[in-house]
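*Asks:* Pasting a structure here, questions to come.
The values are calculated or read from the model by the stated rules, or taken from the named source; none is laboratory data. Predicted model only: the values in this text are computed from it and were never measured. Methodologically, a virtual Cβ is constructed for each residue, glycine included, from the backbone with ideal geometry; neighbour enumeration extends over all protein chains shown.
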Amino acid sequence: MDNNATMQKRCERRPIGIRDVLRNKRINHTRAKCERICAVVKTVFGSGRVKVTTVVRTGVKMMFTAMDYNLYQLCTLKKKGIIQ
């Protein structure tokens, strides 16, 4: 069994087995949490590419992007009524 968390694809004219389907679901459950964060950062905040050149400036920019995402998530949870 692979430990690299790569999803299995079917071959031509041959579907994947039930174990691979369950494995893909497990991988997808973990991946979806991270993919949403990346999608929001890229689309809402426009930080898909960093236009600063030094490592320190990139770290500062991504730190502010992470704080922005946390505030955005807080507002989303407040709108849904999960938190007051």
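*Asks:* What single numbered condition from (1) assigned to a helix (DSSP H, G or I); (2) loosely packed, with under 10 Cβ neighbours inside 10 Å fails to hold for Val41?
*Replies:* Here Val41 clears every test but (2).
*Asks:* Could you say which residue among Lys80, Lys25, Lys61 is exposed (fewer than 10 other Cβ atoms within 10 Å of the Cβ) and of a type outside the set (A, V, I, L, M)?
*Replies:* Lys80
*Asks:* Another question, then. Give the residues of the range 47-84 that are more than 17 Å from Ile37 (Cβ to Cβ) and either in contact with a Phe, Trp or Tyr (Cβ under 6 Å, 6 or more places away or on another chain) or among the basic types (Lys, Arg) (or both), sorted by residue number.
*Replies:* Of everything in the range 47-84, those that are more than 17 Å from Ile37 (Cβ to Cβ) and either in contact with a Phe, Trp or Tyr (Cβ under 6 Å, 6 or more places away or on another chain) or among the basic types (Lys, Arg) (or both) turn out to be Lys51, Arg57, Lys78, Lys79, Lys80.
*Asks:* Go over the candidates Thr30, Thr65 one by one and state the one that is at pLDDT below 90 and in a helix (DSSP H, G or I).
*Replies:* Thr30
*Asks:* Going by what's in this entry, would Ile16 be described as more than 22 Å from the chain's Cα centre (by Cα) and among the aliphatic types (A, V, I, L, M)?
*Replies:* yes
*Asks:* While we're here: What number of residues within the range 44-54 are surrounded by 10 or more Cβ atoms within 10 Å (Cβ to Cβ) and of a type outside the set (Val, Ile, Thr)?
*Replies:* Adding up the residues that qualify gives 3.
*Asks:* Applying the selection to the range 15-69, what residues are polar (S, T, N, Q) and either in contact with a helix residue (DSSP H, G or I) (Cβ under 6 Å, 6 or more places away or on another chain) or in contact (Cβ under 8 Å) with a residue 12 or more places away in the chain (or both)?
*Replies:* Selection gives Asn24, Asn28, Thr30, Ser47, Thr65.
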